[in-house]
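To start, the structure under review is shown below, and the notes come after it.
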Amino acid sequence: MTLRIAMLVAALAGACATTQHVAGTWNCGGAMDRAVAESGSELYEAPDGNARSMGQLKDAQAVCVDKEVQGFGFRRVTLADGRSGFVRESSLMNP
């Protein structure tokens, strides 16, 4: 549990650049929610585990996610560097 909290704190420190920071939190806007993608999460071009991989996240990081699940358990995310893609919903933690 302590490791998970430490990962969450580290991820929150690098909240996505597309968000507004308000008193230590971030706001992804009405169309998206906030979450933390776990370290090692695979980023795909489409909401499908057979889609082309865009790489793995090296560290847990704060992301903005679409509210709706797409495909079979994937959510579109926007990363701090502006890239967007799809990750498995099971690899997302809500802060």
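The values are calculated or read from the model by the stated rules, or taken from the named source; none is laboratory data. No experiment lies behind these values; they were computed from the predicted model shown. Note: ideal-geometry Cβ built from the backbone for every residue, glycine included; neighbour counts use all protein chains shown.
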Exercise for review: Any residue in segment 67-82 that's over 17 Å from Cys28 (Cα atoms): show its pairings with residues that are among the β-branched types (Val, Ile, Thr) at Cβ separation under 7 Å, as long as the two are six or more apart or on different chains.
Suggested key: Phe74/Val87
Review point. Of the conditions (1) touching a helix residue (DSSP H, G or I) at 6+ places or on another chain (Cβ under 7 Å); (2) without any contact (Cβ under 8 Å) to a residue 40 or more places away in the chain, Gln61 fails just one. Which one is it?
Key: (2)
Revision key, fill the gap. For Gly29, the lone unmet condition from (1) modelled with pLDDT under 95; (2) in a strand (DSSP E or B) is (2)
Check your understanding: Of all strands (runs of 3 or more DSSP E) completely enclosed by segment 34-81, which ones contain at least 1 residues that are within 13 Å of Leu92 (Cα to Cα)?
Key -> 42-44, 61-66, 74-78
Point to revise | Residue count for segment 74-88, restricted to those that are under 12 Å from Glu38 (Cα atoms) and either within 9 Å of the chain's Cα centre (by Cα) or of a type in the set (Phe, Trp, Tyr) (or both) | key: 1
